[in-house]
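Since the structure comes first, as structure tokens, the remarks are kept for the end.
We did not get these values from a lab; they are worked out from the coordinates using the rules stated. Predicted model only: the values in this text are computed from it and were never measured. Reconstructed Cβ throughout: ideal geometry from the backbone, glycine too, with neighbour counts over all protein chains shown.
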Amino acid sequence: MQTKAVFGIILALKGKSMLFYTDLHIHSKYSRATSKNCDLEELALWAEKKGLSLISTGDFTHPAWFNEIKEKLIPAGNGVFRLKPEIEKRIFKGSEPVKFILSVEISTIYKKWDKTRKVHHVVFMPNLHSAENFRNKLGAIGNINSDGRPILGLDSRNLLETVLDSGEGAYIIPAHIWTPWFSVLGSKSGFDSIEDCYDDLSDYIFAVETGLSSDPEMNWHVSKLDKFRLVSNSDAHSPSKLAREATVFDHNPDYFTLMHALKTGEGYVGTVEFFPEEGKYHEDGHRKCNVCMTPEETKKHNGICPVCGKPVTIGVSYRVNELSDRKEIITPPPTAGKVFSLVPLPEILAEIMQVGPSSKSVALEYERLVGKFGSELSILQNIPLDELSKSSEMLGEGISRLRAGKVIKQAGYDGEYGVIKLFNEDELVKKKLYKSKIKYRHS
């Protein structure tokens, strides 16, 4: 069953109400394998380009990053922060400044029930005092200085207790819950339920993050997840990756209204998603052997790679099927929100122009389009197609197909991102005309 909904339609149904986009799980330059450009100014700048109202700071347990947070951000009320006025003036020219909330991803590695567990959690704090309390508690347990996403030998249940003890309003959202290696339900080191992971404190979990390799519809097949609100975030390791997934509200959220919306559904609209096939752990396989298999093929081969004879990495699709107790979704659960799957604009431009997403020509055209139409999320979802077609016939056609869910999918597996295309190869003959127009504009 297809339950995708274009947020432009939702906006029309809501009359004059606006939608607000948030990205609540990101990283700073102090996390491993992240861009050196992940500072607060650059993150705010790219959040505006993407169309986000609120982003997380990420990594607040790291001492150097926490100092930057205290130096550059000021409280803006109700648990949110903003850049100092002199910094905002350099970044935002007439637009509403992007706000921040305090968060950090924590990796816990420990043994439980004779199995090593590796679970990632996104921790949220309502103010600097609570964040400082939490940092001090973690510092007494393990090393929080070497990585923006600290790794601790701490049971997930005990981490949650530490979070709750750090200040009123602090909470955890389990991160990318299906990822094979590092998640609460992952095939390699996870559990079979949220309750198994957090024990007697599991009632304090009210939302879970679907991750790039699953979407809400996949999660709706598992009835044990019905009571949790589903969120999506970018887990960005560079500013340009912000908003590749996002969580959407019908009010401009602060820390406490956001938490209330996730607990009750009041103000929660839904999520912006990757097509899950684009996630790098959607299907099963072996990247080194160039082997990608569906769950059915994996079962046929008894989980063994047909090339090297070793066990394959079991992906998200297989794992969801394993825990699923619903074959068909007749009615989404009451916690369900609206869903819109997208392809990042740089990837669409790269496909049309037949160059890499990080190329200079894509960057120039991206900046031109965002400057003209307002933000990437607006372009992907709300700008009238005839307006987009005036900029490029192929761009208008591509966005039209995206909004209708008419995409070509090549699934990711074993750490290899999948590929989502909007055009067949023979259609891209037109790209020469588009490319010549781009060169003319920027010459």
> Taking Cα centroids, how far is the stretch 98-114 from the stretch 15-48 in Å?
Replying inline: 18
>> Once you place label points 7 Å from the Cα toward the Cβ at residue 408 and residue 355, how far apart are they in nm?
In response: 2.2
> What ranking do 281-293, 230-242, 375-387 get when scored by the average of other Cβ atoms within 10 Å per residue, highest first?
Replying inline: 230-242, 281-293, 375-387
> How far is it, in nm, from the label point at residue 107 to the one at residue 325 when both lie 7 Å from their Cα along the line to the Cβ?
Replying inline: 3.3
>> Pairs of alpha-carbon atoms within less than 8 angstrom and 6+ residues apart define the contacts here; what relative contact order does the stretch 204-280 have, in percent?
In response: 39
> Within the stretch 350-431, which trypsin sites (Lys or Arg not before Pro) sit in a loop by DSSP and count at most 10 neighbouring Cβ atoms inside 10 Å?
Replying inline: 406
> Any idea what the dipole of the chain comes to, in debye rounded to 20, about its Cα centre with Lys/Arg Cβ at +1 and Asp/Glu Cβ at -1?
Replying inline: 1260
>> If the only charges are +1 at each Lys and Arg Cβ and -1 at each Asp and Glu Cβ, what is the size of the charge dipole of the stretch 109-217 around the Cα centre, to the nearest 20 debye?
In response: 560
> Given a cut-off of 38 Å, what percent of all Cα-Cα pairs of the chain lie beyond it?
Replying inline: 21
> What is the Cα centroid distance between the stretch 233-250 and the stretch 197-221, reported in whole angstrom?
Replying inline: 18
>> I'd like the distance separating the alpha-carbon centroids of the stretch 354-432 and the stretch 299-328, in whole Å.
In response: 32
>> Over 5 Å intervals from 0, what percent of Cα-Cα pairs in the stretch 124-278 sits in each interval?
In response: 2, 8, 15, 21, 22, 19, 10, 3, 0
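Using a simple charge model, +1 on the beta-carbon of Lys and Arg, -1 on the beta-carbon of Asp and Glu, nothing else, what dipole does the stretch 344-443 show about its Cα centre, in debye to the nearest 20?
For this selection, approximately 420 debye.
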> Does the stretch 184-261 classify as rounded, prolate or oblate by the C-alpha gyration tensor (a ≥ b ≥ c root eigenvalues; a/c under 1.5 gives rounded; else a/b over b/c gives prolate, otherwise oblate)?
Replying inline: oblate
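Which order, highest average first, do 99-106, 26-33 follow once you tally other Cβ atoms within 10 Å for each residue and take the mean per peptide?
Highest-to-lowest ranking by the protection proxy: 99-106, 26-33.
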> Residues in the stretch 307-337 near a label at residue 297, defined as backbone nitrogen under 16 Å from the 7 Å Cα→Cβ point?
Replying inline: 307-319
> Of 91, 79, 413, whose Cα points farthest to the positive end of the dipole of the chain (charges on the beta-carbon: +1 Lys, Arg; -1 Asp, Glu; origin at the Cα centre)?
Replying inline: 91
>> Under the rule a/c < 1.5 gives rounded, and otherwise a/b versus b/c splits prolate from oblate, where does the stretch 379-427 land using the Cα gyration tensor?
In response: prolate
> Which value in nm describes the separation of the simple spin-label points at residue 206 and residue 76, placed 7 Å from the Cα toward the beta carbon?
Replying inline: 2.3
> So for the chain, taking the charge dipole from beta-carbon charges (+1 Lys/Arg, -1 Asp/Glu), which of 230, 101, 342 sits furthest toward the positive end?
Replying inline: 342
> How much mean residue ellipticity at 222 nm does the chain get from its helices, if each DSSP H run of length 4 or more adds -39500 (n - 2.57) and you divide by all residues, to the nearest 500 deg cm²/dmol?
Replying inline: -9500 deg cm²/dmol
